[in-house]
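S.K.: Would you mind keeping the following structure in view while I ask a few things?
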Amino acid sequence: MAQRLIVIGGDAAGMSAASQARRRRDAGDLEIVVFERGHFTSYSACGIPYWISGLVSGPEQLIARAPETFRSEFAIDVRTRHEVTAIDLERREVVVRDLEQGGEIRERFDELMYAAGAVPVKPSWAHTDAAGVFGMQTLDDGAALREWLDGEPRPRRAVVVGGGYIGVEMAEAMIERGLSVTLVEQSDQPMSTVDGDMAELVAEAMRGLGMTIRTGMAVSGLEERDGRVSAVVTAEGPIPTDVVVLGLGVRPNAALAEAAGLPLGPTGAIRVDRRMRVPGLPGIWAAGDCVETLHRVSGMPVHVPLGTHANKQGRVAGINIGGGYASFLGVIGTAVTKVCELEVGRTGLRERDATAAGFDFISVVADSTNRAGYYPGSRRMTVKLIAERPSGRLLGAQIVGWSEAAKRIDTLAVALWNGMTVDEMTGLDLGYAPPYAPVWDPVLIAARKAVDALTAAGR
Ligand SMILES: Cc1cc2nc3c(=O)[nH]c(=O)nc-3n(C[C@H](O)[C@H](O)[C@H](O)COP(=O)(O)OP(=O)(O)OC[C@H]3O[C@@H](n4cnc5c(N)ncnc54)[C@H](O)[C@@H]3O)c2cc1C
């Protein structure tokens, strides 16, 4: 009899795992059933802001593979609108609710892949019957927001609550659609994924785009008129709006797993080993936004809910389930985003992370340009490096700038991944031609400045 793999969650991690397992084991050897409570599989939530802005038409463009394709081409039995409500590890069964027809079934498994993603943080004030308040997690959320923005009376003002990368990208989408945008952020700056000095550059650029940035301000409620949201309430008074978008971050969707006895780590996400096995539970796997992973620089467990990791981890799990060997080696916290033309990249530890991890370090900020100064389109690029004392080992890097800024972080990510020192980095053989960089690339300028700072500090 064929073994049976059940996958909970049909997006990045779940479908990567299912596809990889199928590549290695045919349907006669391994039956694969995926339960997905939504309507879609393998969709790009990352593309939602660009669909909202109108840059990408969708949502078809955001779907890599539809359920029918998985069924017909991969012999993967994808059941959308089916929610797993319990996992019985003893009987090796899951309890599944059919969200369309109603009713519950139990399905047995030999291997179980838990890939239920994350859930958006939604404070009590955001639970409202007023129309016009949107979280941003799924294609259904995107469709609902688009419908609202295209409807009558046509929304003119938007408030985005939360200045993380999703909030910032949604603020950009609203500006692109011609709305007047206020971003409300509880901490001192938006983009807390970079240090305050770099985040201030982002805030400055956002103001330059016409956005109102209200920092150090918490939303505590909503006002409505005729069933439609009309303002967000803050300690400094209401901010009138026609639409509210929540970007308050996510937490691991691990409740179902925890209830079944899967171990959670200190971040509240599921613990896994490097092959994506849940420790102590043979045949149980987990990957994606619901798991924690090792930060290779701090050595600490971290929860970094990004698609790039979910895809890789799902692939690793699938290869292993399929009988191969693969491991996920951890993360260093590389991420990129943009607000209109302004690009932001980060990798490794911020100053506060380096302090929390117990490092002694220096940090430098170097201003230069993306191209030769005389070449058309030359614009400011700011690179921040954090390096360990006295070794000079790179611990973290951040870049804010205009074109060609964000993906330059990859050079720094590779240096960081490989444990390079800033001294070694000063000699890196990076490409140069006037349209692409000044003679001294911004990365090299920053590395030289870091070496100077270490020397000045007596290393
Ligand atoms: C607006 C936005 C922009 C983003 N931009 C980027 C980006 O630029 N770069 C980047 O790397 N990442 C980005 N991300 C994050 C990225 O989308 C996620 O990290 C990635 O989707 C995680 O994949 P996953 O498979 O772990 O979880 P998910 O994609 O959340 O998939 C989990 C699936 O499980 C299903 N599910 C949950 N519980 C159950 C259950 N009990 N039964 C059945 N099904 C269930 C859910 O419906 C969901 O489809 C963005 C996210 C958003 C929302």
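S.K.: Rounded to whole Hz and in sequence order, give me ³J(HN,Hα) for the range 387-399 from the Karplus expression 6.51 cos²θ - 1.76 cosθ + 1.60, θ = phi - 60°, writing x for Gly and Pro.
M.R.: Here the 3J(HN,Hα) series is 10, 6, 9, x, 5, x, 5, 5, 10, x, 8, 9, 9 Hz.
S.K.: A further question follows. Quick one: if the Förster radius is 60 Å, what FRET efficiency do GLN61 and GLU90 give, using the C-beta to C-beta distance and rounding to 0.05?
M.R.: Numbers: r = 44 Å, r/R0 = 0.73.
Computed FRET efficiency for GLN61 and GLU90 comes out at 0.85.
S.K.: Around THR241, what is the net charge, scoring Lys/Arg as +1 and Asp/Glu as -1 over all other residues with Cβ under 13 Å from its Cβ?
M.R.: Details: positive: ARG156, ARG157, ARG214, ARG225, ARG228; negative: GLU223, GLU224, ASP242.
Local charge sum for THR241: +2.
S.K.: Computed FRET efficiency, Cβ-Cβ of ARG207 and ARG156, R0 25 Å: what is it to the nearest 0.05? Mind showing how you got there, number by number?
M.R.: Numbers: r = 19 Å, r/R0 = 0.78.
The calculated FRET efficiency here is 0.80.
S.K.: In whole Hz, with x marking every Gly and Pro, tabulate ³J(HN,Hα) for the range 77-82 from phi via Karplus 6.51 cos²θ - 1.76 cosθ + 1.60, θ = phi - 60°.
M.R.: The phi angles translate into 7, 8, 10, 7, 6, 10 Hz.
S.K.: Oh, and also: Show the residues, 5+ positions off or on another chain, whose built amide H is closer than 5 Å to the amide H of GLY396.
M.R.: Those lying under 5 Å, H to H, from GLY396 are LEU349, ILE386.
S.K.: If you don't mind, there's one more thing I want to ask. Can you tell me the Rg and Dmax of the range 335-457, counting just the alpha carbons, in angstroms?
M.R.: 13.8, 44
S.K.: I've got another one for you. So if I average 1/r over every pair of distinct C-alpha atoms in the range 122-248 and take the inverse, what Kirkwood radius in Å does that give? It would help to have the intermediate numbers written out before the result.
M.R.: Working: mean 1/r = 0.0689 Å⁻¹.
Kirkwood hydrodynamic radius for the range 122-248: 14.5 Å.
S.K.: Roughly how many Å² of TYR50 are accessible to a 1.4 Å probe, to the nearest 10?
M.R.: 50 Å²
S.K.: Which three lengths, in whole Å and largest first, does the range 214-272 cover when its Cα atoms are put on their principal axes?
M.R.: Computed over the Cα atoms, the extents are 45, 28, 14 Å.
S.K.: Sorted by accessible area with a 1.4 angstrom probe, largest first, how do HIS39, HIS127 fall? All intermediate terms of the calculation are to be shown ahead of the outcome.
M.R.: Working: HIS39 90, HIS127 120 Å².
Ranked from most to least accessible, the order is HIS127, HIS39.
S.K.: Right, here's the next one. Can you give the three extents of the C-alpha atoms in the range 246-342 along their principal axes, from longest to shortest, in whole Å?
M.R.: So the three principal-axis extents are 47, 30, 24 Å.
S.K.: Oh, and also: Using 17 Å as the cut-off for backbone N distance, which residues of the range 179-223 belong to the label zone defined by a point 7 Å from the Cα of ARG352 along Cα→Cβ?
M.R.: 185-203, 215-218
S.K.: Return the subset of LYS384/LYS449; LYS384/LYS407; LYS122/LYS312; LYS338/LYS384 for which the Cα-Cα distance in this structure is over 21 Å, preserving the input order. Please list the in-between numbers first.
M.R.: Working: LYS384/LYS449 10 Å; LYS384/LYS407 15 Å; LYS122/LYS312 28 Å; LYS338/LYS384 17 Å.
Exceeds cut-off: LYS122/LYS312.
S.K.: Name the residue from LEU222, TRP51, ALA115 whose Cα lies farthest towards the positive end of the charge dipole of the chain, charges +1 on Cβ of Lys and Arg and -1 on Cβ of Asp and Glu.
M.R.: Value computed over the given set: ALA115.
S.K.: Related question: Using the Cα centre as the reference, give the magnitude of the dipole from point charges on the C-beta atoms of the chain (Lys, Arg: +1; Asp, Glu: -1; all else neutral), rounded to the nearest 20 debye. If you can, show how the numbers build up before the last one.
M.R.: Numbers: 48 positive and 57 negative charges, 180 e Å.
I would put it at about 860 debye.
S.K.: Quick check on the range 1-154: what are the equivalent-ellipsoid semi-axes from the Cα gyration tensor, as sqrt(5λ), descending, whole Å?
M.R.: Numbers: eigenvalues 204, 74, 29 Å².
After scaling each eigenvalue by five and taking roots: 32, 19, 12 Å.
S.K.: Would you grab the residues whose amide H sits under 5 Å from the one on ASP11? Only those 5+ places off in sequence or on another chain, please, with H modelled 1.01 Å from N.
M.R.: SER42
S.K.: Also: At 222 nm, what value in deg cm²/dmol follows for the chain if DSSP H runs of at least 4 each add -39500 (n - 2.57) and the sum is divided by all its residues, to the nearest 500? Working shown, then result.
M.R.: Values: 12 runs with 119 residues, N = 459.
Result for the chain: -7500 deg cm²/dmol, rounded to the nearest 500.
S.K.: Ok, one more. For GLU223, GLU152, give the ranking by accessible area with the largest first, probe 1.4 Å. Walk me through the numbers on the way to the answer.
M.R.: On the way: GLU223 80, GLU152 135 Å².
The most accessible residue leads, giving GLU152, GLU223.
S.K.: Taking K and R as +1 and D and E as -1, what net charge do the other residues with C-beta under 12 Å from the C-beta of ASP367 add up to? Don't skip to the answer; put the middle values down first.
M.R.: Values: positive: ARG379, ARG380, LYS384, LYS449; negative: ASP197.
Result for the neighbourhood of ASP367: +3.
S.K.: With both partners inside the chain, how many of the DSSP beta bridges are antiparallel, as a percent to the nearest 5? Don't jump to the answer; show the numbers that get you there.
M.R.: Details: 57 of 93 bridges.
Beta bridges within the chain, antiparallel portion: roughly 60 percent.
S.K.: Now for a separate question. Determine the gain in length on full extension of the stretch GLU424-ARG108; use 0.36 nm per residue of separation and subtract their C-alpha separation, reporting nm with one decimal.
M.R.: Details: separation 316, 0.36 × 316 = 113.76 nm, distance 5.47 nm.
Once the chain is fully extended between GLU424 and ARG108, it gains 108.3 nm.
S.K.: So who's got an amide H within less than 5 Å of the one on VAL78, skipping anything under 5 residues away but keeping other chains? H placed 1.01 Å off N, in plane.
M.R.: Counting only residues 5 or more places away or on other chains, the set is VAL34, ARG71.
S.K.: Heads up, I need the accessible area for LYS384: 1.4 angstrom probe, whole protein in place, Å², nearest 10.
M.R.: 0 Å²
S.K.: Now a separate question. I need the P(r) histogram for the chain: all alpha carbon pairs, bin width 10 Å from 0 out to the longest distance, whole percents.
M.R.: Distribution as computed: 4, 19, 26, 26, 18, 6, 1, 0 percent.
S.K.: Solvent-accessible area of ASP226, probe 1.4 Å, all protein chains present, reported in Å² to the nearest ten, please.
M.R.: About 150 Å², rounded to the nearest 10.
The values are calculated or read from the model by the stated rules, or taken from the named source; none is laboratory data. Note that this is a predicted model, so its numbers are computed, not measured. Cβ sites come from the backbone with ideal geometry, for glycine too, and all protein chains shown count toward neighbours. Keep in mind that these areas ignore ligands, DNA and RNA; they rest on the heavy atoms of the full protein, side chains included. Shrake-Rupley method; radii C 1.70, N 1.55, O 1.52, S 1.80 Å.
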